[in-house]
Amino acid sequence: MFDVLKKLEWFFLKYWKRYTVAVIALLLASLIGLIPPKLIGMTIDEISYNSLTSERLWQVIGLFVLLIVLHYIISYVWDYTLFSGSAILERLMRSKLMGHLFRMTPTFFDKKKVGDLMAQGTNDLRAIYMTSGFGVLTLVDSSIFMLMIIAVMGITISWELTLVALIPMPIMAIVMHKYGNAINERFTEAQEAFGNLNNEVLESIRGIRVVRAYVLEKQDEQRFQSMTEDVYQKNIKVAKIDALFEPTMKVLVGLSYTIGIGYGALLVFQNQITLGNLVAFNMYLGMLIWPMFAVGELINVLQRGNASLDRVNTTLHYPADVTDPEKPADQQKPGDIEFDSVSFRYPGNGMERLDNINLKIQQGSTLGVVGKTGAGKSTLFKQLLRQYPPSEGKLLLGGTPVEQFTLETTRNWIGYVPQEQILFSKTIRENIQYGKRDATDEEIFRVMELSHFLTDIQSLPEGLDTKVGESGVTLSGGQKQRVALARAFIKNPEILILDDSMSAVDGKTEANIIEHLKQERQDKTTIIAAHRLSAVKHAEQIIVLEEGKIIERGTHAELLAANGWYASQYQLQQLEEKEVISS
């Protein structure tokens, strides 16, 4: 049960001063809370013996007021110190989780569902927050505070009466242990089900257009209701165990009360304790309600926190596939790019996606990459983007193996526009500024001109301040591509990779963008993958991929003269364009 506290030892050691102050203040407040029952018992005895004077009464009242003020101040200190510490832990864990996710490669996200990761970043972190705050509170109150009450009862009133009244305690320990194990198991199942539900909701929202196009709303709703019911039932199982804690505590405390009052009254009749002592004893029994209840809450909170921490730690302990070298190379520019006998297969897939690639791209040149769908174009780019561990062969930048550079260095050199453009739910200005955080409007308008987006921005209701909606839903496919191009252009990277990123624009717009690229990137490397061969015919070198192999290479003219796949595809596209124009 206390494993979770051991797992959080690093945090408690780091913030030991904060937690020391919180626990000391909590104990002081508890100690002050033990004084009033004794004062009341003494006052009752004085009334019984007709020895209570007005002066003594005012002293008791004044002492009560002082204790109330002190208890208020000290309670504020421990409450603020303890729960602000919990907020710090939640912030640290959330930052650690997000930082870890940023370092992960596609292999990780192939295994982890987005919905489950969201559940870890919300519900699970909240359970960990409760463990480091409310869990510490219940731990102190269910142990030290309980022992303080029992000690006061035994020392100042009667050990005999105290021990008899606490007979139900062992029963409580056994029952709480069983409840705790059940909570841990059921809460883990509930959290996993909630993660699956999150994932289903995300997929439904992202694919809402497809769902509507195929008139599958009812089926999707039924599937959602089925998963919701599953989450509900699993949470009901947790709630059933939760609901047993309080009644069990009340029964056991009620049993202690019954024993205390019955046996205490007998001791009063035998003149072994006074009436005031019996009243004080019953008040202390009343104070024991919370510590005994806190035992159940402690088990509940710690088991939930342990289950959640295990889930989060499973993610945090997932090793990064690609890491920085211990002694990174120092190089200002990437220089020439060279693939030396590079082969690659995706993890868990025995099929070669790149097969013995030998290719040299001179700095400042343009490379065109073409081929059938699935030929390996995107896979080739992923080697440069370092999305997967080092493959067979060598990938060199300026003669230095790419693994010797930090991820930050290589990714700062590269501007990448993928096939599927990702836009954030922000304004067009903010989306473009992802490429350069301090970009001015003048710079933004310039790159929009390069990406042929100026006419579009003028027709939008709020210009640069137009919000693009979830994943750019308010923009057309061609507009999203051009905003993504502008974002890459404003970075002005040493290596620009365009992965079929002009497929949604018309031929004339594509030609204008390519012309701008030729003018602006004369001294920087550009790599373009495209299905329309007109997008790459200006390149100094063009390669044709088929099943991960380079089957043709050369300039546009050389490939036409070779009369291979490139030549036949180019002629076919030319005929299609003529048919479109004539029609």
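General remarks:
- Only one of the numbered conditions (1) under 30 Å from Gln332 (Cα atoms); (2) touching a helix residue (DSSP H, G or I) at 6+ places or on another chain (Cβ under 9 Å) is not met by Gln522, and that is (2).
- Looking only at residues of the range 522-531 that are surrounded by fewer than 19 Cβ atoms within 10 Å (Cβ to Cβ) and touching a Gly at 6+ places or on another chain (Cβ under 8 Å), we find that the one that is modelled with the lowest pLDDT is Gln522.
- Residue within the range 265-274 that is assigned by TED's automatic domain parsing to the domain that holds Leu161 and closer than 16 Å to Pro37 by Cα present: yes
- Positions within the range 539-552 being more than 19 Å from Gly374 (Cβ to Cβ) and surrounded by fewer than 17 Cβ atoms within 10 Å (Cβ to Cβ), in sequence order: Glu540
- The range 385-418, subset closer than 23 Å to Ile432 by Cα and either touching a strand residue (DSSP E or B) at 6+ places or on another chain (Cβ under 8 Å) or outside the structural domain of Leu572 (by TED's automatic domain parsing) (or both), residue surrounded by the fewest Cβ atoms within 10 Å (Cβ to Cβ): Pro418
- Test: Ser471 is of a type in the set (Ser, Thr, Tyr) and either on the phi > 0 side of the Ramachandran plot or touching an Asp or Glu at 6+ places or on another chain (Cβ under 6 Å) (or both): yes
- Of the residues examined, Leu34 is one that is more than 34 Å from the chain's Cα centre (by Cα), in contact (Cβ under 8 Å) with a residue 60 or more places away in the chain and assigned by TED's automatic domain parsing to the domain that holds Ala127.
- Residues satisfying the stated conditions in the range 457-482, i.e. under 30 Å from the mean Cα position of the chain (by Cα) and among the charged types (D, E, K, R): Asp465, Lys467, Glu470, Lys480
- Within the range 419-441, not a single residue is at negative phi, in contact with a strand residue (DSSP E or B) (Cβ under 8 Å, 6 or more places away or on another chain) and among the aromatic types (Phe, Trp, Tyr).
- When the range 307-322 is filtered for residues that are hydroxyl-bearing (Ser, Thr, Tyr) and in contact with a helix residue (DSSP H, G or I) (Cβ under 8 Å, 6 or more places away or on another chain), the ones remaining, listed by number, are Ser308, Thr315, Tyr318.
- Among the residues of the range 336-351, just one is buried (at least 18 other Cβ atoms within 10 Å of the Cβ) and more than 21 Å from Gly554 (Cα to Cα), namely Phe344.
- Exclusive hit being closer than 29 Å to Gly99 by Cα and either touching a Cys at 6+ places or on another chain (Cβ under 8 Å) or among the β-branched types (Val, Ile, Thr) (or both), set Thr406, Thr455: Thr406
For (1) touching an Asp or Glu at 6+ places or on another chain (Cβ under 9 Å); (2) free of Cβ contacts under 8 Å to residues at least 12 places away in the same chain; (3) more than 27 Å from Thr188 (Cα to Cα); (4) of a type in the set (Asp, Glu), each residue gets a yes or a no:
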residue: Glu229; (1), (2), (3), (4): no, yes, no, yes
residue: Asn235; (1), (2), (3), (4): no, no, no, no
residue: Phe245; (1), (2), (3), (4): yes, no, no, no
residue: Val251; (1), (2), (3), (4): no, yes, yes, no
residue: Thr258; (1), (2), (3), (4): no, yes, yes, no
residue: Tyr263; (1), (2), (3), (4): yes, no, yes, no
residue: Val268; (1), (2), (3), (4): no, yes, yes, no
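The values are calculated or read from the model by the stated rules, or taken from the named source; none is laboratory data. None of these values were measured; they are calculated from a predicted model. All Cβ positions, even for glycine, are placed from backbone atoms using ideal geometry, and neighbour counts span all protein chains on display.
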